[in-house]
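Notes for the one structure printed next.
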Amino acid sequence: MLKPRNLPLATPASDPDVRLMLRFRAGDEEAFRELFEKHSGAIVNFAYHFVGSRPRAEELAQDVFLQVYRAGARYEPQAKFTTWLYRIATNACLNEVRRPEHRFRTRPLEHQVEDSRERAEIAFPDPHAVRGESALAGRELEARMRAVLGELPENQRAALVLSRVEGMSYREVAEALACSESAVKSLVFRATATLRKHLAEFL
Amino acid sequence: MTSKDCETLAPELVAYVDGEQPETERARIEAHLDGCPACRREVERIAEIGAMITRLPRIEPSPELEGALWRRLEDDPPAHARGRWRRALLVGGPVLATAAGLALVWYSSLSPGARTRASAGRQVAAAPSPSPGSGAAVADAGEKGGIEPGLRLANPAPGDLPPELL
């Protein structure tokens with residue numbers, strides 16, 4: 001149940017992704033392709049948890065890797081590559097959800113539940129799923145979960161997704177969000193309390 | 001065990017479940033949990049919520065994702081990527097220079113009459129032609145999207161070239 005995550009961070013030099021990035025800085029585009037192949041799926045999913053739209057999540061992932069590519073020539077390893085990558089991704093997602101036209105800003109939670117339920121049915125058909133109550137409950141839960149995630153304040157959502165979905169330690173999340181570890185602790189606690197309240201019927 | 005203890009510990013339980021509490025705090029929480037079924041249940045719920053989030057289905061990126069990224073990079077390459085042109089010219093330059101030298105030798109070896117005929121042929125070749133494959137046709141295809149985006153970099157505008165090549 002408990003995850004011992006209070007481990008020291010890997011130094012940049014020991015991070016194979018940092019070494020790839022340094023190869024890319026030296027002009028090896030294959031190294032960039034390797035980084036893209038390795039992390040693009042995770043970044044798409046991170047963005048998807050954030051914005052709740054697959055096409056927009058893919059566009060955001062493109063934005064993130066464009067920034068990585070453009071920063072290649074002046075890259076200096078100061079943290080784990082993924083910490084840096086998720087800092088870029090978090091900023092891209094925060095900018096996106098702060099745009100006035102972002103739908104989660106204006107739609108009530110009930111509508112988001114409907115929307116995310118539709119998405120769950122369209123985007124994640126599971127041919128092996130058992131038809132009946134448990135499958136329905138699973139879709140309901142996922143729909144509700146995505147809706148509540150979309151409703152969380154942006155910084156809470158960022159901290160929660162980085163910590164729980166991406167498995168980062170609070171220290172890594174703090175680096176990615178450029179805040180203190182105690183701030184991350186508080187953000188994750190408040191996000192969890194909100195989820196607990198809205199998902200009470202599933203617990 | 002008092003409810004005040006529970007209230008004090010409540011904000012610490014999420015970090016406890018996440019394994020983010022220092023050893024001393026951890027020991028204090030576990031001592032409390034040993035005698036408090038309500039807080040033990042709360043820890044279970046927090047862990048359950050964490051597991052629910054982790055179990056959210058992940059999506060597979062579409063196969064077009066990488067191609068779309070490269071198209072965007074080709075449309076607006078960063079300065080350091082434009083160095084590719086420099087590398088291309090470093091490789092292609094000597095080949096072009098050799099070809100030009102051979103052409104010059106060949107032209108010098110021609111008799112005056114043959115030079116006139118060669119010049120006339122060049123003028124005919126330079127005349128506009130509506131045939132497919134002419135410069136105009138290629139430009140038109142480019143505007144209509146008939147040329148793949150990847151090929152656009154093979155003909156950069158002067159502004160795309162690094163200063164040392166201008």
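The values are calculated or read from the model by the stated rules, or taken from the named source; none is laboratory data. Computed from a predicted model, the values in this text were never measured in an experiment. Glycine also receives a Cβ, built like all others from the backbone with ideal geometry; neighbour counts cover every protein chain displayed.
Structure summary
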{"item": "Residue in the stretch B:2-19 that is farthest from the other protein chains (Cβ to nearest Cβ), counting only those that are touching a helix residue (DSSP H, G or I) at 6+ places or on another chain (Cβ under 7 Å) and more than 24 Å from A:VAL148 (Cα to Cα)", "result": "B:ASP5"}
{"item": "Residues being more than 7 Å from chain A (Cβ to nearest Cβ), modelled with pLDDT of 75 or more and surrounded by fewer than 14 Cβ atoms within 10 Å (Cβ to Cβ) - total across the stretch B:61-100", "result": "5"}
{"item": "Residue satisfying all of: in the stretch A:149-179; under 12 Å from A:HIS198 (Cβ atoms) and surrounded by fewer than 22 Cβ atoms within 10 Å (Cβ to Cβ); modelled with the highest pLDDT among these", "result": "A:LEU152"}
{"item": "Boolean, A:ARG196 is over 22 Å from B:TYR16 (Cβ atoms), within 12 Å of chain B (Cβ to nearest Cβ) and of a type in the set (Lys, Arg)", "result": "no"}
{"item": "Selected residue (criterion: nearest to B:LEU56 (Cα to Cα)) from residues of the stretch A:20-43 that are more than 9 Å from chain B (Cβ to nearest Cβ) and without any contact (Cβ under 8 Å) to a residue 24 or more places away in the chain", "result": "A:LYS38"}
{"item": "In the stretch B:27-49, residue nearest to the chain's Cα centre (by Cα) [restricted to those that are more than 13 Å from every other protein chain (Cβ to nearest Cβ) and touching a residue at least 24 places away in the same chain (Cβ under 8 Å)]", "result": "B:CYS39"}
{"item": "In the stretch A:44-74, the residues that are more than 9 Å from every other protein chain (Cβ to nearest Cβ), assigned to a helix (DSSP H, G or I), in contact with a helix residue (DSSP H, G or I) (Cβ under 6 Å, 6 or more places away or on another chain) and in contact (Cβ under 8 Å) with a residue 40 or more places away in the chain", "result": "A:PHE46, A:ALA47, A:PHE50, A:VAL51"}
